[in-house]
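The values are calculated or read from the model by the stated rules, or taken from the named source; none is laboratory data. Just so you know, these numbers come straight off a predicted model, no measurement behind them. Surface areas here come from the heavy atoms of the whole protein model, side chains and all, with no ligands, DNA or RNA. Shrake-Rupley method; radii C 1.70, N 1.55, O 1.52, S 1.80 Å.
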Amino acid sequence: MSEIAVEVRGLVKSYEGGRIRALRGADLKVARGEFVALMGPSGCGKSTLLHVIAALDRPDAGHVHVMGVDTDAVRDLSAYRARTVGLVFQLHNLLPALTASENVQVPMFETGTGRRERRRRADDLLALVGLADRTHNRPGELSGGERQRVAIARALANDPPVLLADEPTGSLDSKAGGRVMDLIERLRTERGLTVLLVTHDPGVAARADRTVHMLDGRVLAPAAVPNVPLALPVMPS
Amino acid sequence: MTFGALILKNLLRHRVRTLLTAVGIAIGIMTVIALGAVATGARQAAGGMLQSGGSDLLVAQKGASDLTFSSMPTRQAARLDRRGDVAWAHPVLLDVSKVGSNPYFVAFGMRLADLAEAPPPLVAGRVPRRADQVLLGDRGARDLGVGVGGTVEIQRTRFRVAGLFHVGTTWQDGGAYVPLVSLQRAARKPGVVTGAYVRVAAGRDAGAVGEAIEAADPQLVAIADVDDMAEVDQGIEAIDGLNLAISLLAVGIGAIGVMNTMVMSVFERTREIGILRAVGWRGRRVVRMIVGESIAVCLIAFVVGLGLGALATEAVTLVPAIGAVLEPAYTVAVMVRALVVALVVALVGAAYPAIRAARLLPMEALRHE
Ligand SMILES: Nc1ncnc2c1ncn2[C@@H]1O[C@H](COP(=O)(O)OP(=O)(O)OP(=O)(O)O)[C@@H](O)[C@H]1O
Ligand SMILES: [Mg+2]
């Protein structure tokens with residue numbers, strides 16, 4: 001397998017019959033084990049890009065290759081969604097009727113994991129994100145930061161090599177956001193995850209290996225932006 | 001958490017809605033059970049009429065809309081035993097009248113000699129030997145409060161009870177065997193009978209003999225079992241038809257109720273279904289979840305409907321006109337029919353919302369407000 005974990009070429013996606021062009025030929029490469037932050041003004045297509053990479057939506061044109069899988073060539077992308085990419089949404093998107101542990105187990109139904117094994121792995125993952133004592137609570141009984149950590153545990157349910165995160169700290173205060181980022185960094189080193197993370201927060205982006213900028217549905221060439229953030233306050237880690 | 005537990009959790013989120021849906025279907029199931037038990041009881045009762053004292057066939061007039069409308073001369077019925085393939089032929093006159101509180105008291109008019117040759121199973125006394133004696137069913141005796149030696153009045157004629165019989169069919173045990181000539185006189189049908197009970201000669205096939213009898217006289221029909229009964233009695237067909245129609249109606253109404261609930265519940269959860277798809281659930285698993293929920297509701301409805309059905313049937317048989325004629329029969333076939341109705345309702349009701357939900361792209365579902 002190549003050293004490239006995620007490769008996106010000429011991605012085009014429009015809405016409302018072409019009136020809204022969310023992606024206009026986006027290109028992106030993320031190496032294996034790399035942690036890339038994706039920044040850009042609101043509405044430039046960051047979420048759309050992540051959703052297309054996660055195969056939640058089909059692009060109008062262009063190609064997505066993730067860990068050797070050409071998403072265009074696969075008819076049923078369920079297995080890809082279950083095993084290859086883990087997605088943390090802008091909003092946590094947990095199932096309200098299920099406990100934290102059950103939410104983490106949901107993706108495991110598709111991968112032939114036995115009942116006890118599902119339970120054990122969910123509890124392990126929740127321990128990993130620091131929620132060992134909240135496994136039986138429902139999302140409504142958890143704080144925003146805790147929910148986002150449950151969502152991260154769910155994204156890792158089937159041990160995917162790639163983690164896609166859409167503003168995972170966007171709705172959190174700096175302390176809770178800091179904990180979530182600590183977690184993502186730790187998981188990345190411990191598990192060798194490839195991480196593509198959307199953020200508006202330069203402090204969050206500073207933790208990444210590399211920051212990629214988007215504008216008007218395109219990814220800007222690396223030369224167009226300095227890798228080091230401008231003179232913006234960097235959050236202490 | 002198992003898949004089944006997930007399904008139950010989804011149902012428990014809207015307890016009232018689940019319960020109301022189940023009750024709606026349960027009422028349909030109740031109808032299917034009650035009607036099925038009554039119709040089966042009616043069939044069994046009708047079947048009982050086809051046999052007496054070890055006969056193989058009932059020969060009657062072809063084309064009668066009701067067996068009691070069949071008629072032929074006594075001599076013609078009696079002559080059947082001259083055939084080589086017939087062991088005996090006993091002319092019988094079926095006469096229905098109100099006796100005591102029973103509006104459908106059935107009197108079987110038979111010749112005394114025939115009754116002595118092939119009597120129904122006796123439980124007390126003995127077979128009548130005189131024109132003013134009858135053999136009363138044990139249930140009729142109970143209803144009328146008489147025993148052996150007592151009197152009954154049939155068609156304004158008084159008879160003395162010579163013995164009691166029990167064959168096991170409600171309406172027969174509620175009636176009586178009456179000497180033929182006496183009954184013909186009492187019912188003002190002199191020289192006329194309904195048909196004849198026929199026993200075929202040893203070694204002969206009842207079906208073949210029946211066909212031979214029909215071939216010899218196109219006016220006659222020979223009935224061996226309930227399924228042939230339509231030839232002389234439209235009642236059975238009417239009941240079967242009604243039964244089928246109401247089952248279909250129950251399926252239709254139930255399915256629309258379930259579909260309504262499932263459409264609503266799936267529509268509300270469109271976003272959640274988007275999440276399930278986003279984390280890798282195949283469309284097929286979403287379908288299984290939704291259909292599973294629907295089946296669970298319908299199984300609850302089935303169990304509740306069984307209970308309600310039994311209650312409804314008992315209530316129906318409290319009506320004297322029905323209770324006197326038949327006993328509801330809760331056969332396995334009736335239960336299976338109700339279960340099939342429940343499952344068909346579940347599948348039909350869930351199919352549309354399930355397939356619609358599974359077809360959505362995850363993002364389409366997630367964007368749903
Ligand atoms: N379903 C949709 N229908 C119509 N337009 C859409 C739809 N989804 C996204 N868009 C539009 O596509 C463009 C890109 O949206 P996207 O959500 O990718 O932006 P974003 O970069 O994630 O913004 P933000 O930082 O605010 O989250 C926006 O103009 C948005 O309004
Ligand atoms: Mg966004």
Give me the residues in segment B:355-369 whose solvent-accessible area, probe 1.4 Å, is reduced by at least 50 Å² once all protein chains are included instead of the chain isolated.
B:L361, B:M363
For chain A, the percent of accessible surface on carbon and sulfur atoms (probe 1.4 angstrom, ligands and nucleic acids excluded) is 50 percent
Let me test this: with uniform point scatterers at the alpha carbons of the protein assembly as shown, what is the Debye-based log₁₀ I(q)/I(0) at q = 0.05, 0.11, 0.12 1/Å?
-0.45, -0.98, -1.11
Carbon/sulfur accessible area of segment B:1-119, % of total, 1.4 Å probe, equals 60 percent
Going residue by residue through segment B:197-204, the Karplus relation 6.51 cos²θ - 1.76 cosθ + 1.60 with θ = phi - 60° gives ³J(HN,Hα) values, rounded to whole Hz and with x marking Gly or Pro, of 7, 10, 10, 7, 5, 3, x, 8
If a/c stays under 1.5 just call it rounded; otherwise compare a/b with b/c (prolate if a/b is bigger, oblate if not). Do that for segment B:164-229, with a ≥ b ≥ c from the square roots of the Cα gyration tensor eigenvalues.
oblate
Determine the per residue accessible area of segment B:57-223 with all protein chains present and a 1.4 angstrom probe, expressed in square angstrom.
44 Å²
Segment B:174-214, accessible surface, carbon-and-sulfur percent (1.4 angstrom probe)
50 percent
Threshold 40 Å², segment B:1-39 residues less accessible with all protein chains present than alone (1.4 Å probe):
B:M1, B:K9
If you average the sequence gap of Cα pairs under 8 Å that are 6 or more apart and divide by the length of segment A:17-130, what percent do you get for the contact order?
16 percent
Mind running the shape call on chain B? Use the C-alpha gyration tensor, a ≥ b ≥ c as the square roots of the eigenvalues: rounded below 1.5 for a/c, prolate if a/b tops b/c, oblate otherwise.
prolate
Can you give the accessible area buried between chains B and A, summed over both chains, with a 1.4 Å probe, in Å² to the nearest 100?
2300 Å²
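Please state the shape class of chain A: rounded when a/c is under 1.5, otherwise prolate if a/b exceeds b/c and oblate if not, all from the C-alpha gyration tensor.
It is oblate, given that a/c is not under 1.5 and a/b is not larger than b/c.
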Which residues of segment A:40-85 end up with at least 40 Å² less accessible area in the presence of all protein chains than when their chain stands alone, using a 1.4 Å probe?
A:L56, A:D57, A:S78, A:R81
Cα long-axis angle, helix B:283-317 against chain B (0 to 90 degrees, to the nearest 10):
30 degrees
Taking springs between alpha-carbon atoms closer than 10 angstrom, which of A:G25, A:G43, A:G178 fluctuates most in the Gaussian network model of chain A?
A:G43
Return the single residue from B:H166, B:H90, B:H14 with maximal mean-square fluctuation; model: Gaussian network over chain B, springs between Cα atoms under 10 Å.
B:H14
Compute the separation of the alpha-carbon centres of segment B:331-352 and segment B:3-36 and state it in Å as a whole number.
12 Å
Over segment B:57-223, calculate the relative contact order: mean separation of alpha carbon pairs under 8 Å at least 6 apart, over the residue count, as a percent.
35 percent
Chain B: relative contact order as a whole-number percent, Cα under 8 Å and 6+ apart
29 percent
3J(HN,Hα) from dihedral phi, segment A:29-35, Karplus parametrisation 6.51/-1.76/1.60, rounded to Hz, x for glycine, proline
10, 10, 6, 4, x, 7, 10
